[in-house]
Amino acid sequence: MTRDFRLLLGAGLVSLTGDWIMRVGLTYAVYELTGSTLASAGALLASLVPQFVLGSIAGVFVDRWERRRVMVVTNLLLAVGLLPLLGVQDRGDVWIVYLVTAVQSGLGQFFIAAEAAVIPRLVDERDLVAANAFNGQVRDVARLVGAAVGGVVAGLGGISLLAVVDMVSFGLAAGTLLLIRTPTGHGQRQEKPHLLREWADGARVAVREPTLRVVLLFVVMTGVGEAVMGSLMAPFVRGVLHADAAVYGLIMAVQAGGGIAGGLAAAAFGHRVSPRRLVGYGALAFGGLDLLLFLYPLVFDAWWPALPIMLVVGLPGAFMLAGLLTLFQTHSDDAYRGRLFGVFSALEAGAMLVGALAAGVLGDQLGIVPVIAAQGAQYCLAGGLVLLLLTTQRKLVEAEA
């Protein structure tokens with residue numbers, strides 16, 4: 001991997017670790033201030049709505065501007081945007097937390113789109129699968145470390161200390177990104193930029209390009225499932241596995257550890273398999289393991305089998321993510337890549353909002369197990385569709401040739 005790609009990974013590791021420290025610690029701190037689970041859940045809503053509203057719009061500007069500069073400036077703005085948290089003292093100030101969370105989510109869309117668009121410029125196309133696997137592995141390492149540290153930081157200094165730690169992480173990430181020397185590019189400059197027209201161009205490409213259309217379908221389907229799991233995993237551990245909060249934390253940590261191992265495997269061997277198969281078979285295995293996780297308590301009353309299942313599920317999950325990003329990057333033109341990723345990000349957030357709402361309503365009516373098991377079934381269905389649709393497309397192209 002190139003020096004500049006390693007710098008990008010390093011910046012992401014520092015920044016994302018700070019994010020996870022903030023995310024985990026803030027949930028704990030808000031509950032401590034308010035004593036309300038609803039208040040804690042409000043932070044999730046505050047982060048998803050800006051992603052849905054601004055995700056595709058951010059991509060338009062990422063395609064206009066120099067992308068390294070976008071990432072640097074975004075990190076600096078994210079650091080400054082945390083300053084209001086220093087004034088949070090009691091439950092009456094929780095609105096500040098929601099406001100800051102929404103602003104951070106909105107700004108983050110610029111960085112996410114720029115990062116996805118710039119990776120193909122920093123590595124050769126033959127190394128894209130490995131590069132995306134390493135990038136996913138960084139996210140899992142950040143999650144593992146940040147989740148472990150977040151509660152400790154919140155306990156030591158509350159929201160103020162969480163804000164300071166995250167601000168430092170953003171500053172270090174910005175400094176690291178400044179060291180990148182490879183031209184990171186931008187889209188085609190227009191004499192008279194037009195936001196709506198540029199946004200529509202990106203959406204049109206996403207819908208018309210056959211492979212991107214399948215990727216878009218996959219993202220929407222799995223986004224609903226991920227929100228269902230995110231909403232019901234804690235109730236599943238407590239109400240179905242009959243385990244406590246410590247076990248829940250252990251299960252989530254094991255999942256991140258599995259993702260790290262999966263990232264190493266995907267980086268080493270993923271290039272030997274087509275991205276289409278990485279996504280399709282990865283999703284089938286991922287969904288199958290999730291179904292095993294959610295259904296085994298029906299016949300075996302113990303929580304410990306969840307640990308090896310969550311560990312193993314990281315392997316197909318890492319291959320699936322690496323393949324998905326590679327499909328996106330190899331079938332999108334650099335001039336549109338930011339807008340396309342923004343469209344995907346916005347639709348994923350919309351799907352997650354639908355999934356979270358469905359989980360909240362149906363979980364009480366149908367029970368936890370039937371609803372959360374639907375997440376595994378959705379991954380299996382999405383993986384099967386990827387294999388079917390993209391294989392059909394490939395055969396048609398070969399026949400025409």
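The values are calculated or read from the model by the stated rules, or taken from the named source; none is laboratory data. Quick caveat, the model's predicted, so the values are computed rather than measured. Virtual Cβ from ideal backbone geometry, glycine too; neighbours counted across all protein chains shown.
Tell me whether segment 239-250 contains one or more residues that are touching a residue at least 12 places away in the same chain (Cβ under 8 Å) and within 21 Å of Thr222 (Cβ to Cβ).
Checked segment 239-250: no residue is touching a residue at least 12 places away in the same chain (Cβ under 8 Å) and within 21 Å of Thr222 (Cβ to Cβ).
What pairs come up if the first residue lies in segment 374-389 and is part of a helix (DSSP H, G or I), the second is surrounded by 24 or more Cβ atoms within 10 Å (Cβ to Cβ) and acidic (Asp, Glu), and their beta carbons are under 8 Å apart, counting only those six or more places apart or on different chains?
Taking only residues 6 or more apart or on different chains, the pairs are Gln375/Asp290; Gly376/Asp290; Tyr379/Asp290.
Can you name every residue in segment 202-225 that is buried (at least 19 other Cβ atoms within 10 Å of the Cβ) and of a type outside the set (A, V, I, L, M)?
Passing the criteria: Gly202, Thr211, Phe218, Thr222, Gly223, Gly225.
Restricting attention to segment 73-82, does a residue exist that is outside the structural domain of Pro275 (by TED's automatic domain parsing), closer than 30 Å to Arg276 by Cα and surrounded by 24 or more Cβ atoms within 10 Å (Cβ to Cβ)?
No, that holds for no residue.
Mind counting the residues in segment 299-342 that are more than 22 Å from Gly230 (Cβ to Cβ) and among the hydrophobic types (A, V, I, L, M, F, W, C)?
Counting residues in segment 299-342 that are more than 22 Å from Gly230 (Cβ to Cβ) and among the hydrophobic types (A, V, I, L, M, F, W, C) gives 8.
Identify, from the list Arg197, Arg143, Arg181, Arg139, the residue that is of a type in the set (D, E, K, R), part of a helix (DSSP H, G or I) and at pLDDT 80 or above.
Arg139
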